[in-house]
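Only the coordinates and a few stated rules stand behind these numbers; no lab work does. The structure presented is a predicted model; accordingly, all values stated were derived computationally and were not measured. All Cβ positions, even for glycine, are placed from backbone atoms using ideal geometry, and neighbour counts span all protein chains on display.
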Amino acid sequence: MAYEYDSENIFAKILRGEIPNSTVADSAHSLAFRDIAPAAPEHILVIPKGAYVNFDHFGADASDAEIVDFSRMIAKITREVGVAEISGGEGYRLITNAGAHGVQDVPHFHVHILGGRRLGRMISA
């Protein structure tokens, strides 16, 4: 099965400038912006600028430069917003969803950075 990217998804529209966002960081390969319905005091989405559906698509097909840029952006943001322990924060959570069982709402790979308060357990049995 090949990955089918929907170029009309909301993140693709944000990348094209059709929908405004609250940009936190922008680089050659990645964009980070605040979630419009935050689940924590710090809730930032990081997306690659390339057309990747989910993490396994990104991990398999993205260039080394895209992967490094994306990873470094996440590290930079966690430090800048003060949730990384190295910057005096008390921690954060990274979440990405894939497919129907992962409850992926937007078919464009993205990572949620959540922090700024103690978070509950990830999954209840």
Fewest-first ranking of Thr23, Thr78, using other Cβ atoms within 10 Å as the exposure measure:
Thr23, Thr78
Tell me, what HN-Hα J-couplings in whole Hz come from the Karplus equation 6.51 cos²θ - 1.76 cosθ + 1.60 at θ = phi - 60° for each residue of the range 85-96, using x for Gly and Pro?
4, 5, 9, x, x, 10, x, 7, 10, 10, 10, 9
In Hz, Karplus ³J(HN,Hα) per residue of the range 24-36 (6.51, -1.76, 1.60; θ = phi - 60°; x = Gly, Pro):
9, 7, 9, 9, 4, 10, 9, 9, 10, 8, 6, 5, 6
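Any idea what the relative contact order of the chain is, in percent, if you count C-alpha pairs under 8 Å spaced at least 6 apart?
Working: 190 pairs, mean separation 36.2, N = 125.
For the chain, the relative contact order is 29 percent.
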On a 0 to 90° scale, report how tilted helix 64-80 is relative to the longest principal axis of the chain, with both axes built from alpha carbons and the result rounded to the nearest 10.
30 degrees
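Tell me, Phe55, Phe109, Phe33, Phe11 in order of fewest to most beta-carbon neighbours within 10 Å?
In increasing order of surrounding Cβ atoms, one gets Phe55, Phe33, Phe11, Phe109.
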Name the most mobile residue of Ala12, Ala60, Ala84, meaning the one with the largest mean-square fluctuation, in a Gaussian network model of the chain with Cα contacts below 10 Å.
Ala60
Heads up, the chain by the C-alpha gyration tensor (a ≥ b ≥ c square roots of eigenvalues; a/c under 1.5 rounded, else a/b over b/c prolate, else oblate) looks prolate
Most fluctuating residue given options Val103, Val83, Val46, as computed from a GNM of the chain linking Cα atoms under 10 Å
Val103
